[in-house]
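This report refers to the structure that appears directly beneath it.
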Amino acid sequence: MQHRLSPDDAAFQQKMREFFTSKVPQDLRDRWAAGGEPDPDDIRTAQRILNAEGLAVPHWPVEYGGSDWSMLQRHIYLQEMQAASVPPPLAFNANMVGPVIAAFGSTEQKDRFLPPTANLDIWWCQGFSEPDAGSDLASLRTTAVRDGDEWVVNGQKTWTTLGQHADWIFALVRTDPDAPKKQMGISFLLIEMSTPGVDIRPIQLIDGGHEVNEVFFDNVRVPADQLVGEVNKGWDYAKFLLGNERVGVAPVGSIKRKLAEAKEHAGSVQTDTGTLLDDPLLAARIAELEAQVMALELTVLRVAANSREGKPDPASSTLKLRGSQLQQDVLELIVDIAGPAGLAWGDDSWTGLAAPTYLNFRKASIYGGSNEVQRQVISSGILGLKG
Amino acid sequence: MQHRLSPDDAAFQQKMREFFTSKVPQDLRDRWAAGGEPDPDDIRTAQRILNAEGLAVPHWPVEYGGSDWSMLQRHIYLQEMQAASVPPPLAFNANMVGPVIAAFGSTEQKDRFLPPTANLDIWWCQGFSEPDAGSDLASLRTTAVRDGDEWVVNGQKTWTTLGQHADWIFALVRTDPDAPKKQMGISFLLIEMSTPGVDIRPIQLIDGGHEVNEVFFDNVRVPADQLVGEVNKGWDYAKFLLGNERVGVAPVGSIKRKLAEAKEHAGSVQTDTGTLLDDPLLAARIAELEAQVMALELTVLRVAANSREGKPDPASSTLKLRGSQLQQDVLELIVDIAGPAGLAWGDDSWTGLAAPTYLNFRKASIYGGSNEVQRQVISSGILGLKG
Amino acid sequence: MDFSIDSEQKALRDAVRELAARRAPQHGEGDVPVGPAPHDPDTWSALAEVGALGLPFAEDAGGLGASAVEVSLVATELGHAGVQTAYADALVAGSVLAAASSDLLSSLVDGSALVVPALAEPGRGWSLASSSVHASGSGDSWTLTGSKGPVPYADAATHLVVPAAADGGLALFLVEAPSFADGIATFDGSAATQLVGPADGATALAAAVNLGIIAVCSEALGAMDAASTMTFDYLKTRKQFGVPLMTFQTLTQRAADMYVSLELARSTTLFAAMAIADDPGDSATASRAKVVVGQSGRHIGQEAIQLHGGIGMTAEYAVGHFTTRLTAIERTYGDTRQHLASLASSLSDHDQVDVLA
Amino acid sequence: MDFSIDSEQKALRDAVRELAARRAPQHGEGDVPVGPAPHDPDTWSALAEVGALGLPFAEDAGGLGASAVEVSLVATELGHAGVQTAYADALVAGSVLAAASSDLLSSLVDGSALVVPALAEPGRGWSLASSSVHASGSGDSWTLTGSKGPVPYADAATHLVVPAAADGGLALFLVEAPSFADGIATFDGSAATQLVGPADGATALAAAVNLGIIAVCSEALGAMDAASTMTFDYLKTRKQFGVPLMTFQTLTQRAADMYVSLELARSTTLFAAMAIADDPGDSATASRAKVVVGQSGRHIGQEAIQLHGGIGMTAEYAVGHFTTRLTAIERTYGDTRQHLASLASSLSDHDQVDVLA
């Protein structure tokens, strides 16, 4: 057991820190740190700066831009990126469709899609959820029927995050409605958003933003070479994608940065006896969150060392569950610190963004597998409690 | 709406307060307040003092010693009794078997049992739970087979509180093993503990005490006139008994007294800067508990006014659930206040009793219908959520 | 101790329920307003018409001679319908005007003047004990220096009630036709009228804010009730994995906990309204209510969204708006932590909390 | 950053696991001891024999030259088996003896002396900052006046390490053959040997208690692991309503939360052991570990009983004993609240908590 970084890892950490803080423009990082609705150009700019340095998709195969890093190094990379408020490479590209294409796509698909995916020349969005499915993802009803060299897609997806900026969508579609189980008969299809018959409608969230969308497919004709892997095996690829990694599933670096900001904010709010940072109850809450976030980060580091890459991993559920809780707790703390100033919305000050940001991140325990689903994965997958 | 007591109720309150604090001996009340294993003689003495004044069984029919009080008066009576640390009339007598006999027993049974039950000349214990049943009370397997003028009882009961002091047990027994539903075919039987074939074994709890027991029945012959109400209707009587009342289901007065003691204790523990009562975090926790207990008491008062006497009542579940939580929270607070002194057990000081008492009352969310069962009653009985 | 309402109170409640239903925000496809709502003169006039604005003030001061109990009934209905107004703020201001026997109270009551309190200060946490705005002058001639804000409904306010530090303590002032920049009112030797002098300022302000606390707690009660009911209904009707959500025990157990939180908040809010009606200075009861309602509101607001899942996050569905409002209310007139700290400092005043007095 | 253990550490762990299994309390029908356990000389000798008592102390001081990491492995096994000992206390005392280069350390390590710290004081809350026991004297001649207690394992202790107020600050003293009344040691001008003077007393004491915190956190980790595993197994095997308890989703969801608590406590305990091995004075990390383990232990201890139901309350079943021990550990060497208060006072020392240093 050893808690200090090896000299190599310490050097790696230093290199990452220098890169993120010197090569990604300060104004871009400041905008990202402030929160609110993200600027797609900032996301593109950041990812291209990273990609130019070979840092956009380090967990991909080396031949497509990956780096052969240890789990610890991947954690350090993410931690430093988040600490520097660098927008992370778009998750739909870097963590979702990219790894699926790299693992299951044809050589042609890899060569066609992976380079622009790494460089965010293609902006991907995810077409998994459907209006009547909720946590029961596999009950999806969007269909794709083969017609010659094409698939004809009909149906509707929802909760498509940042879909309004997307060039392409990767979608789960039902290609065999007669399959004996709902998880069978599903395929993984790549669809260009500009294809005739694709329509998108933004959904307004309670913070006023529009980060999710409904996507409608009306007789959308998709070339057959845009189906990834085997027909009717799409559920396997989706599971691969969803349980893909332990590192990064809990946004520890972002949570730590937000908590550090919370301390700074608390120190800036005057009270009758000093600042809010001197308030014993508030300070104890901050200290508690620091301890709990430390426990989460250490758990990320500990379980990452035992990762079973490529298999759905119930340990990820632990990190997703706890990560979303702590993220929500820290954002709620900031609403408390903002206090009466946070009752006014509508400007980009930290007080004005506190409540909408808190409300926005209530999604963290719903999207990407609700916390109830994560607990179910833990109880059945780790504890062997089969209901 | 009116939050002050009417002159009549205020006078009633004053009368109760005077009675409990002047007529029940101080040394007895001090022993009760200290906690630990209860002395059965103290319980007998207290109940007889109350009964002599007509205050042991106020919610019984007037002809058997009851008083025609309002729900508010019953609350005041309990509140003052608990505030004065008077041992309450034994629940098995006053709140369980007594009301059942009064409602469903024959005139003969009423005359035979109710007076000694009110006066604790008979000490009753409860024979409902069985080792393999848990929350599934209706799956009980103790049988009673009719043989002439007698029922022959075989089986085992468990979690029989204070059974070691009991003269009689009221038991649910299966009288029709072929009934189509497990809730049918159960009868409500009164059994003298001295009957041949009744055996009792105390169960030690984690605080070291012996307040619960196993009771074994080996061909125990019970006269047929000791069956209450109709044969095979016992489950109805048990439901009546369990959902009998809203007032008293949450021990608000006891919780408030313990919380007041906690403050006193905290004020007695010196710190580097004063006493524990000056510790901002501890004081805030006490303030929070005071507010939460107030909310509970007000809810008792509010729902009591709408009581549906005699029917199983999901509102009781709200009070039982929240009452057990707050009771446990206050007892845990006292362990915190005891601090390092509470690490030593074995004397009757408040510090020495803090941890064992806290541990003992983990039962509060298990016995008498676990909190999970209470939530189930609320969700199905009040919210209409039928799983 | 009696939690039931009489026929007059019931008539008031029904009238406001009907009013609130008409003024309730409409959700549905397409963008809707989110977050704090601007002042709506039509709703305000309607409230004035049913007499809601004058309820707690004595008739000889231009009020209706009812009490905080009636305020609570009104605010609960507004909260249940999701109608945001300056009701609580106007009552805080009105309470100070009443204490000062100000003629302006009648204009507040009839809705022609919108008077709100300016309590928050830029860069400072919530405090009723002090003010960084300073007052100087005497008699009819006072000036204020300093800043207050964000001021609720700043865009529409015709007058402000401003606590300011004066010789001898906190005094309360009236500022007419205030001007704002980004919701902040800056006083630069601005003229003001003294409403309550330093001898009584802190007491009058505390009583006024206690009334405001009753109003926002009641509004929260209505919002919690609506959000809970929507959630229970959703669990009954929404299917997943081929069965209604209420088949999932983890959800129904949590629904039961929501119900318990709601009932605790209901009892406490009603009691606090009665207590403040009886003694407007009973800040301990107001603080306890704020704590209980704050915790219940947080619990119910968060669970209402979580149990709904994604739909609960959307602006086209009402439940998230209730959570938004509950989030704001918890930080209005002092948050849970601040009220706990205030209660914590007076634990030695009493042996037990006595609700049967 | 590496959480894996080497073969030597694994051998130590296995040896202690075997030892602990032999010394574990037997439950079953009939009465068993509950609550704090008395000193058991046989278990103590066995621990001395495997070298457990000397692990964190330098070889030239009579120790084994291992570290807090090995202490953690030992204590985890004891906790998992439910074996209560003076291990943490002896290590706190030993750490002070080592700081003082005391010859007594070798007797502590070989088990012939039982040296424990006397930290608590009658009628006073937990504090490492002050002592109401006063020391006077100089050089080899010191006397103590005041009381300490309850002292752990008072019945068996051969020596006490006593922090006392001396000129210039807190100094640490050794008292031989102490006498007790009800676990309280009263010093009435009693002779004592100074181990660490006032210049270094507070620092040495903090480092010693940090080691004790590692030991009790690790013991708690073992207890949580055992209680959780028992609970998960119970849910699999115990039937109610005709089906295994694991059919009830509300129970399995709560089991998942227990598992999360356990894993957080595990990571934190292991890390804190490494950190204290590296820097015995890292009180911030020790406090954070105490907080995380305190909260996890409380959660798991309470849920383990609740999910078992009635059987979990009985002394004949092990799970309640684990909860008992977890309850005690949370209040040993400062409770969660006190460590939070300590951490809260130093928030400005750092921007973020950095575990990758």
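The values are calculated or read from the model by the stated rules, or taken from the named source; none is laboratory data. Keep in mind the model is a prediction, meaning the values are calculated, not measured. Cβ atoms come from the backbone with ideal geometry, glycine included; neighbour counts cover every protein chain shown. Only protein heavy atoms, including side chains, enter the accessible area calculation; ligands, DNA and RNA are left aside. Shrake-Rupley method; radii C 1.70, N 1.55, O 1.52, S 1.80 Å.
Before moving on, here are some points about what is shown:
- Legend: mean number of C-beta atoms from other chains within 10 angstrom of residue C-beta atoms, peptide C:303-311, equals 5.
- Residue-normalised accessible area of chain C, expressed per residue, 1.4 Å probe, Å²: 35
- Rounded to the nearest whole Hz, the Karplus-based 3J(HN,Hα) values (6.51 cos²θ - 1.76 cosθ + 1.60, θ = phi - 60°) of the range C:86-93 follow the sequence 8, 4, 4, 5, 5, 5, 4, 5, with x at glycine and proline.
- For chain B, the longest principal axis of the C-alpha atoms and the axis of helix B:107-118 are separated by about 30°.
- Residue-normalised accessible area of the range A:7-89, given per residue in Å² at a 1.4 Å probe: 45
- Once you divide the Cα radius of gyration of the protein assembly as shown by 2.2 N^0.38 Å, the number left is 0.96.
- Test item: B:69-79 mean partner chain Cβ contacts at 10 Å: 1
- Whole-percent P(r), the range C:117-198, all Cα pairs, 5 Å bins from 0: 3, 17, 32, 26, 16, 5, 0.
- Computed over the range D:245-357, the alpha-carbon pair-distance distribution with 5 angstrom bins reads 2, 11, 17, 19, 18, 12, 9, 6, 4, 1, each value a whole percent.
- Shape box of the range B:249-383 [Cα atoms, principal axes, largest first, Å]: 53, 28, 20
- With a cut-off of 19 Å on the backbone N, the residues of the range C:197-220 near the modelled label site 7 Å out from C:ASP140 along Cα-Cβ are C:197.
- Amide H partners (placed H, <5 Å) of A:THR271, local residues excluded: A:LEU276, C:GLY125
- Protein accessible surface hidden between D and C, which excludes ligands and nucleic acids, total in Å², probe 1.4 Å: 400
- Where D meets B: accessible area buried, both sides, 1.4 Å probe, Å²: 3700
- Accessible heavy-atom area order of B:MET1, C:MET224, highest first, probe of 1.4 Å: B:MET1, C:MET224
- Shielding by partners for peptide C:179-186, expressed as the average number of C-beta atoms from other protein chains within 10 Å of each residue's C-beta, is 2.
- Taking the 1.4 Å solvent-accessible surface of the protein assembly as shown as the whole, the part contributed by carbon and sulfur is 49%.
- Most fluctuating residue given options A:SER316, A:SER187, A:SER106, as computed from a GNM of chain A linking Cα atoms under 10 Å: A:SER106
- Protection proxy ranking of D:253-259, D:21-27 - average other beta-carbon atoms within 10 Å, highest first: D:253-259, D:21-27
- Partners of B:LYS181 within straight-line reach, counting lysines whose Cα lies under 20 Å from its Cα and excluding those fewer than 8 residues away in the same chain: B:LYS233, B:LYS239, B:LYS386, D:LYS239.
- Here the mean projected area of the convex hull built on the C-alpha positions of the range A:7-89 is 5.3 nm².
- Average accessible surface for the range B:249-383: 29 Å² per residue, computed with a 1.4 Å probe over protein heavy atoms with every protein chain in place.
- Heavy-atom SASA rank of A:ASP347, C:ASP31 (probe 1.4 Å, accessible area, largest first): C:ASP31, A:ASP347
- Counting only aspartates and glutamates at least 8 places from B:LYS15 when in the same chain, those with an alpha carbon closer than 13 Å to its own are B:GLU53, B:GLU80.
- Reachable aspartates and glutamates, given that their alpha-carbon falls under 12 Å from the alpha-carbon of A:LYS258 and they are not under 8 places away in the same chain: A:GLU290, A:ASP329, A:GLU332, D:ASP351
- Computed from Cα atoms, the angle from the helix B:314-338 axis to the main principal axis of chain B rounds to 50 degrees.
- Once the C-beta distance of A:ASP8 and D:THR158 is scaled by a Förster radius of 51 Å, the resulting FRET efficiency is 0.55 to the nearest 0.05.
- Environment charge of D:ALA156, counting only residues whose C-beta is closer than 12 Å and scoring Lys/Arg +1, Asp/Glu -1: -3
- R0 of 60 Å, Cβ-Cβ distance D:ASP233-C:ALA181: FRET efficiency to nearest 0.05: 0.35
- Quarter the surface of the alpha carbon convex hull of chain B and you get the mean projected area, 20.6 square nanometres.
- In the assembled protein chains, C:ARG238 presents an accessible area of approximately 40 Å² (probe radius 1.4 Å).
- Calculated over the range C:1-94: convex hull of Cα atoms, volume per residue (Å³): 118
- Remark: label point of D:ALA181 defined 7 Å out from Cα along the Cα-Cβ vector; separations to the same position in other copies 7.4 nm, ascending.
- Accessible-area value, A:ILE382, 1.4 Å probe, nucleic acids and ligands omitted, Å²: 60
- Per the Cα gyration tensor, the range B:129-288 maps to an equivalent ellipsoid with semi-axes of 45, 18, 13 Å, ordered largest to smallest.
- Surface accessible to a 1.4 Å probe, B:ASP136 within the full protein complex, Å²: 10
- Look at where the Cα atoms of the range C:35-97 and of the range B:47-106 average out, and the two centres are 46 Å apart.
- Scanning chain A for the Cβ atom closest to the axis that brings A onto B yields residue and whole-Å distance A:PRO280, 2.
- Separation in nanometres of the label points that stand 7 Å from Cα toward Cβ, at B:THR195 and C:ASP6: 5.8
- Pseudo-label separations to other copies for B:LYS182 - Cα-to-Cβ vector, 7 Å, nm: 3.0
- As a ratio to 2.2 N^0.38 Å, the alpha-carbon radius of gyration for chain C is 1.01.
- Solvent exposure ordering (accessible area, 1.4 Å, most first) of B:ILE191, A:ILE49: A:ILE49, B:ILE191
- The same position B:THR107 in the other copies lies at 10.2 nm from this copy, comparing label points 7 Å beyond Cα toward the beta-carbon, shortest first.
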